[in-house]
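Contents: one structure, followed by commentary.
The values are calculated or read from the model by the stated rules, or taken from the named source; none is laboratory data. Everything quoted here is computed from the prediction, not taken from an experiment. Here Cβ is always computed from backbone atoms with ideal geometry, including for glycine, and neighbour counts include all displayed protein chains.
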Amino acid sequence: MVDLKGQYEHIKDRVNASVIDVIESTAFINGPEVHQFQEELETYLGVKHVIPCANGTDALQIAMMGLGLQPGDEVITADFTFAATVEVIALLGLTPVLVDVDPVNFNIDVEAIKKAITPRTKAIVPIHLFGLVADMDAIMEIANAHNLYVIEDNAQGIGATYTSKDGSKKKAGTIGHVASTSFFPSKNLGCYGDGGAIFTNDDDLAHTIRGIVNHGMYVRYHHDVVGVNSRLDSLQATILRAKLPHLDAYNEARRKAAEKYTQAFSGIKNIITPTNFCNAGGDSACDSCDCHVFHQYTLRVIDTDRDALVKHLNENGIPCGVYYPIPLHLQKAYLDERYNEADFVVTNQLVNEVISLPMHTELDDEQIEFITKTVIKFVTR
Ligand SMILES: *Cc1c(COP(=O)(O)O)cnc(C)c1O
């Protein structure tokens, strides 16, 4: 699915040298590399504050802690995403409210958000799923009208640019009140272990969060709030510093590969290729606005046995993934008698149709041709 080795070969000299430098310096925790990476990412994103932490799941949890969300508060998020999003909501004693997604862009359904709002709703967590920015204009509008926080789960969308209706451009993760990301190795900006970060333009929130990640300390050995221990270590930071200057080129390589896949699948009636547009309704300012960084390239296959296709690809040496095979509202840990199956029509359908093909920065034409030919041959049998 990914080719981390091939990508490493291109940056090996810089990575190896800087890793050795960190080891020689022995500044493993909170060393200068962490601070420099933080500043470089702030500049890249055009955001006032980046707070590095241990992983993307922590980042989400800490963002919610920083906002002061309290048990009983309802947090609306998508039914079709990785479990981390709903997990931290539940872990903090907040009430997850899962809603359906849009069948075209796979992102949280704006109308479903509106329907789910109650007097207890405190926040919305859109996920920029598979690297495509959610419909942020509409989401911010709802949030402002109802006085809700927006926490962007940007684990899959780092580097994507969102164009608002007014023409202004912002990086994914800098539009809501706060955002989280993950530097898990296979993410678009991945380190060589675990890592994550929180972004915000709010000075007070950034201050609060900097204490939370460090045991609730604002003055050494004075613990003002209940915190956690969540750090990005210097070795991961130095690897991320080596990769950040390449992020735009990495995302461009993903877009190019996606374009070739989509070209090859055009006219195949059993295959629905992923959209390039963040607003499926078509009333967005987005006109190929770089709002998709293709963390995954995900097809829907229609009138086809998706699981048999997975098996067939694997037998032909082609890795593929099903993200995600089970709606979150049907997961044992997140069952809730208030849910109604009629409200999850899209997710219930997508889990049977989606298949993600290999997507990374090192895909070449020969691989794409082999993959697309094998898929087409199977679905048109
Ligand atoms: C990867 C991912 C996370 C969690 O990141 P980790 O660093 O693995 O904790 C959260 N949300 C989404 C959507 C992800 O893809």
Pairs please, first residue from region 244-262 and among the basic types (Lys, Arg), second anywhere and part of a helix (DSSP H, G or I), Cβ atoms under 6 Å, 6+ apart in sequence or on different chains.
Lys260/Ile368
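Restrict the check to region 311-318 and report whether at least one residue is within 24 Å of Val86 (Cβ to Cβ), in contact with a Ser or Thr (Cβ under 8 Å, 6 or more places away or on another chain) and touching a residue at least 60 places away in the same chain (Cβ under 8 Å).
Initially, region 311-318 is screened for residues within 24 Å of Val86 (Cβ to Cβ), giving none.
No, there is no match, as no residue in region 311-318 is within 24 Å of Val86 (Cβ to Cβ), in contact with a Ser or Thr (Cβ under 8 Å, 6 or more places away or on another chain) and touching a residue at least 60 places away in the same chain (Cβ under 8 Å).
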Grab the helices (runs of 4 or more DSSP H) fully contained in region 1-116, keeping just those with 1 or more residues being away from the ligand (no atom under 16 Å from the Cβ) and out of contact with any Phe, Trp or Tyr (no Cβ under 7 Å at 6 or more places or on another chain).
4-25, 32-45, 56-66, 110-116
Picking from Ala145, Ala179, Ala237, which residue would you name as being at pLDDT 95 or above and under 21 Å from Ala84 (Cα atoms)?
Ala179
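Any residue in region 162-169 that is among the small types (Gly, Ala, Ser) and out of contact with any helix residue (DSSP H, G or I) (no Cβ under 9 Å at 6 or more places or on another chain)?
Yes: region 162-169 contains one or more residues that are among the small types (Gly, Ala, Ser) and out of contact with any helix residue (DSSP H, G or I) (no Cβ under 9 Å at 6 or more places or on another chain).
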Filtering region 184-199 down to residues that are more than 9 Å from the ligand (Cβ to nearest atom), of a type in the set (A, V, I, L, M, F, W, C) and assigned to a loop (DSSP other than H, G, I, E, B) yields Leu189, Cys191
Please work out if Gly131 is surrounded by fewer than 24 Cβ atoms within 10 Å (Cβ to Cβ) and either closer than 18 Å to His292 by Cβ or not aliphatic (A, V, I, L, M) (or both).
no
So Gly211 clears everything in (1) more than 24 Å from Gly46 (Cβ to Cβ); (2) in a helix (DSSP H, G or I); (3) within 16 Å of the ligand (Cβ to nearest atom) except one condition, right? Which one?
(3)
List pairs: first in region 151-162 and farther than 14 Å from Leu41 by Cβ, second among the charged types (D, E, K, R) and within 11 Å of the ligand (Cβ to nearest atom), Cβ under 9 Å, 6+ apart or cross-chain?
Ala155/Lys187; Gln156/Lys187
Kindly list, by first and then second residue, each pair from a residue in region 74-94 that is assigned by TED's automatic domain parsing to the domain that holds Pro119 and in contact (Cβ under 8 Å) with a residue 24 or more places away in the chain to a residue that is crowded, with 18+ Cβ neighbours inside 10 Å and of a type in the set (Lys, Arg), limited to pairs with Cβ atoms under 8 Å and residues at least 6 apart or on different chains.
Glu74/Lys122; Val75/Lys122; Leu94/Lys122
Considering only region 287-381, give the helices (runs of 4 or more DSSP H) lying wholly within it that have at least 2 residues that are more than 25 Å from Ala112 (Cα to Cα).
306-315, 365-379
Without any contact (Cβ under 8 Å) to a residue 24 or more places away in the chain, out of contact with any Leu (no Cβ under 8 Å at 6 or more places or on another chain) and either buried (at least 16 other Cβ atoms within 10 Å of the Cβ) or over 19 Å from Ile108 (Cα atoms) (or both): does that describe Arg381?
yes
